[in-house]
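Colleague: One structure follows; several queries about it will come next.
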Amino acid sequence: MTSTKHSELTDHKVGDLMIPSEKVAHVQLGNPLEHALLVLVKSGYSAVPVLDISYKLQGTISKTAILNSVLGLERFEMEKLSDIKVDHVMNQNVPFLHRDDDFVTSVKSVVDFPFVCVADEEGYFDGILTRRAILKQLNKYIHANRNKPEMES
Ligand code: AMP
């Protein structure tokens, strides 16, 4: 396989493949869980980014984490959803990318996550990169190259 074929794939930067912030559903730190669950259920997403009021990335929140937080001994205590804030339940320990990161870095980052947030140097939210976007590129590459003869570089 030639290095030229490889470069068609690896030339992609995170910024070329990400969903930009204005198209990403998100919640804010001080929102009640009720609002976050509404956003998640209505959008159909399993998790969304959490931002502060200046749109800096703070973490992610998932349906599972929300439901776990109101799980009582015998039932979901849904009445608690309006009292608990997003910042009590969100996952702060999430990796993030920069829009200039290369393809190989993005592939690694989505191995363990269905999506990874993208932020700038100051932490302002830029968008998300999904595993789906990465797999689409890999799929295109495999199909485009499967019938080409292998060449030594
Ligand atoms: P997908 O690759 O479309 O299946 O998305 C994987 C996950 O990425 C979803 O379950 C969401 O957690 C997140 N996601 C994808 N698109 C968006 C979006 N537009 N807004 C917020 N989260 C998203």
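Colleague: Please report the carbon-and-sulfur percent of the accessible area for the chain; probe 1.4 Å, protein heavy atoms only, DNA, RNA and ligands left out.
Modeller: Carbon with sulfur: 53 percent of the solvent-accessible area.
Colleague: Heads up, I need the accessible area for I61: 1.4 angstrom probe, whole protein in place, Å², nearest 10.
Modeller: Counting only protein heavy atoms, I61 exposes about 0 Å² to solvent.
Colleague: Right, another one. Ordered by residue, what ³J(HN,Hα) values in Hz, to whole numbers, does the range 105-121 give under the Karplus form 6.51 cos²θ - 1.76 cosθ + 1.60, where θ = phi - 60° and Gly and Pro are x?
Modeller: Result, ordered by residue: 4, 5, 4, 4, 5, 9, 4, 9, 9, x, 8, 10, 6, 10, 9, 8, 4 Hz.
Colleague: Full-extension gain between E8 and H88, please, as 0.36 nm times their residue separation minus the C-alpha to C-alpha distance.
Modeller: Extending this stretch completely gives an extra 24.5 nm.
Colleague: For the chain, what are the per-bin percents of Cα-Cα distances with bins 5 Å wide, up to the bin holding the maximum?
Modeller: Percent of pairs per bin, in order: 2, 9, 17, 18, 15, 12, 9, 7, 5, 3, 2, 1, 0.
Colleague: Quick one: which residues, 5+ away or cross-chain, put their amide H under 5 Å from the amide H of G59? H built at 1.01 Å from N.
Modeller: It is V50, by chain and number.
Colleague: Report, in deg cm²/dmol and to the nearest 500, the calculated mean residue ellipticity at 222 nm for the chain, where each DSSP H run with n ≥ 4 adds -39500 (n - 2.57) and the sum is divided by the residue count.
Modeller: Theoretical 222 nm ellipticity from helices: -10000 deg cm²/dmol.
Colleague: Using the Karplus equation 6.51 cos²θ - 1.76 cosθ + 1.60 (θ = phi - 60°), what ³J(HN,Hα) coupling, rounded to whole Hz, does each residue of the range 21-27 give in order, writing x for Gly and Pro?
Modeller: Going residue by residue, I get 3, 5, 9, 9, 5, 8, 10 Hz, with x marking Gly and Pro.
Colleague: How many Å² of accessible area per residue for the range 47-153, probe 1.4 Å?
Modeller: Using a 1.4 Å probe on heavy atoms only, each residue of the range 47-153 averages 65 Å².
Colleague: Charges only on Cβ, +1 for Lys and Arg, -1 for Asp and Glu: so what's the dipole of the range 3-145 about the Cα centre, in debye to the nearest 20?
Modeller: Around 600 debye, computed over the range 3-145.
Colleague: Separate question: Grab the range 3-145 and count how many Lys pairs have their alpha-carbon atoms under 21 Å apart, sequence gap of 8 or more, or different chains.
Modeller: Counting lysine pairs in the range 3-145 gives 20.
The values are calculated or read from the model by the stated rules, or taken from the named source; none is laboratory data. Predicted model only: the values in this text are computed from it and were never measured. Every residue, glycine among them, receives a Cβ derived from its backbone with ideal geometry; neighbour counts consider all protein chains shown. The accessibility values were calculated without ligands, DNA or RNA, using every heavy atom of the protein model including side chains. Shrake-Rupley method; radii C 1.70, N 1.55, O 1.52, S 1.80 Å.
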